[in-house]
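Below: the structure, in structure tokens.
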Amino acid sequence: MSMRASAARYARALLDVAITESDPERAEQELATFVDVVAGHPDLQRVLANPVVSAADKRAVVQRVVERLALNTPAARVLLLLAARGRLPLLPDLLDVYRERLLEHRRIVRAEVTTAAPLPPQRVAELQERLASVTGRAVTMTTKVDPSIIGGVITRIGSTVYDGSVAAQLAKVKGQLAER
């Protein structure tokens with residue numbers, strides 16, 4: 001089983017428990033805090049990644065960090081479980097998958113919009129509203145500028161891409177002309 005698939009199983013279980021026992025957003029914050037602390041301390045990273053250090057010792061280190069950070073949601077229990085099972089390398093993927101599942105639970109979808117020139121704030125808000133009405137969900141949107149698309153908009157929602165760029169239309173016309 002891939003690391004991402006294993007992380008997905010833990011993330012699903014964590015979200016289920018966080019929904020019933022506590023606040024799922026707080027569990028995400030605590031998980032992110034722990035990941036950030038580990039990433040910010042190279043010595044801690046080395047200890048937790050070192051195969052010579054026993055799982056029991058890693059669990060004890062994680063227990064101390066959890067106590068110092070005052071983590072008390074189900075996320076803390078998952079961190080201790082991962083340490084005991086030698087699965088701490090799953091943490092970055094676990095956090096990513098948990099965030100994705102939390103957005104699904106909150107009925108929020110991410111959209112990435114690419115335009116040839118920067119959009120004014122009012123246009124961004126209008127586009128975000130339109131995407132929300134089309135998807136039936138709240139939308140968190142990021143915008144990018146790519147002058148190579150010439151004009152129009154490319155929108156990515158999840159794995160679906162809607163390419164309304166001038167460059168794509170020109171490529172389509174070029175293909176049609178080449179067939180004749």
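Computed values, structure above
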item: Over the stretch 109-179, equivalent-ellipsoid semi-axes from the Cα gyration tensor in Å; result: 25, 14, 9
item: Share antiparallel - DSSP beta bridges, the stretch 109-179, percent rounded to 5; result: 60
item: Built amide H within the under 5 Å cut-off of Thr143, gap 5+; result: Val113
item: Highest-fluctuation residue, Glu28, Glu67, Glu104 considered, GNM on the chain with Cα pairs under 10 Å; result: Glu67
item: Simple spin-label estimate for Gln122 and Arg9 in nanometres, 7 Å along Cα-Cβ; result: 5.4
item: Estimated distance in nm for a label pair at Asn72 and Thr20, the labels positioned 7 Å out from Cα along Cα-to-Cβ; result: 2.2
item: Long-range HN-HN contacts of Val109 with modeled amide H, under 5 Å; result: Ala138, Val139, Thr140
item: Amide H contacts of Ala116 (H built 1.01 Å from N, under 5 Å, at least 5 apart or other chain); result: Asp146, Gly152
item: CD proxy at 222 nm, helix term only [per DSSP H run n ≥ 4: -39500 (n - 2.57); per residue of the chain; nearest 500]; result: -20500 deg cm²/dmol
item: log10 of Debye I(q)/I(0), alpha-carbon scatterers only, for the stretch 1-138 at 0.09, 0.10, 0.12, 0.22 Å⁻¹; result: -0.36, -0.43, -0.58, -1.28
item: Highest to lowest packing among 139-145, 86-92, scored as the average C-beta count within 10 Å; result: 86-92, 139-145
item: For the stretch 63-76, 3J(HN,Hα) per residue [Karplus equation, 6.51 cos²θ - 1.76 cosθ + 1.60, θ = phi - 60°, Hz, x = Gly/Pro]; result: 4, 5, 5, 4, 5, 5, 7, 6, 7, 9, 8, x, 4, 5
item: Rounded to whole Hz, the Karplus (6.51, -1.76, 1.60) HN-Hα couplings of the stretch 47-55, x for glycine and proline; result: 5, 6, 9, 6, x, 6, 6, 5, 4
item: Charge tally in the Cβ shell below 12 Å around Arg77, where Lys, Arg are +1 and Asp, Glu are -1, Arg77 excluded; result: -1
item: Label-reachable residues, the stretch 1-20, where backbone N falls under 18 Å from a point 7 Å from Arg85's Cα toward its Cβ; result: 1-19
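Every number here is computed from the coordinates shown, using simple stated rules; none is lab data. Predicted model only: the values in this text are computed from it and were never measured. Positions of Cβ are backbone-derived with ideal geometry, glycine not excepted, and every protein chain shown enters the neighbour counts.
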